[in-house]
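The values are calculated or read from the model by the stated rules, or taken from the named source; none is laboratory data. What you see is a predicted model, and the numbers here were worked out from it, not measured in a lab. Cβ placement follows ideal geometry from the backbone for every residue including glycine, while neighbour counts extend to all protein chains displayed. Heavy atoms of the whole protein, side chains included, go into the accessibility calculation; ligands, DNA and RNA do not. Shrake-Rupley method; radii C 1.70, N 1.55, O 1.52, S 1.80 Å.
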Amino acid sequence: SAASIQAAAGGQARIYVGSVPYDVNEAMIEQVFAVFGPIKSVTMRPDPETGTHKGYGFVEFATPEAANQAIQTMNGFELGGRPLRV
């Protein structure tokens with residue numbers, strides 16, 4: 001989204017990743033997004049009732065440039081049969 005790109009351009013290196021299939025884990029997200037640059041962390045929000053993530057999380061890159069490139073490239077990218085929202 002424009003807001004996400006603006007945030008990344010302003011020096012923010014942490015991006016939102018939504019519509020993540022429930023069978024996709026943090027390691028898989030990191031693998032897919034690592035092509036854009038070094039990743040500091042991947043955080044998926046867990047659902048306390050089910051133990052799985054809630055379908056969204058955050059990827060923090062080492063640089064805002066990597067985050068910006070990931071936003072522009074990965075929004076709508078199909079992963080596990082669902083288009084990601086970045």
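Within the range 56-86, restricting attention to residues that are in contact with a helix residue (DSSP H, G or I) (Cβ under 6 Å, 6 or more places away or on another chain) and open to solvent by 30 Å² or more (accessible area, probe 1.4 Å), the residue that is nearest to Phe33 (Cα to Cα) is Gln69. Would you check which residues across the range 42-55 are in contact with a helix residue (DSSP H, G or I) (Cβ under 9 Å, 6 or more places away or on another chain) and not hydrophobic (A, V, I, L, M, F, W, C) and list them? Matches in the range 42-55: Thr43, His53.
Per-residue answers, yes or no, for (1) of a type in the set (Ser, Thr, Tyr); (2) touching a residue at least 60 places away in the same chain (Cβ under 8 Å); (3) out of contact with any Cys (no Cβ under 7 Å at 6 or more places or on another chain):
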| site | (1), (2), (3) |
| --- | --- |
| Ile39 | no, no, yes |
| Gly55 | no, no, yes |
| Phe58 | no, no, yes |
| Thr63 | yes, no, yes |
| Ile71 | no, yes, yes |
| Glu78 | no, no, yes |
| Arg82 | no, yes, yes |
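If the condition is being in a loop (DSSP other than H, G, I, E, B) and among the small types (Gly, Ala, Ser), then the range 61-76 contributes Ala62, Gly76. Do we have Ile15 as open to solvent by less than 20 Å² (accessible area, probe 1.4 Å) and under 12 Å from the mean Cα position of the chain (by Cα) here? So Ile15 fits the description; yes.
Taking the range 35-55 as the range and being among the aliphatic types (A, V, I, L, M) and either open to solvent by less than 50 Å² (accessible area, probe 1.4 Å) or part of a strand (DSSP E or B) (or both) as the test, the residues that pass are Ile39, Val42, Met44.
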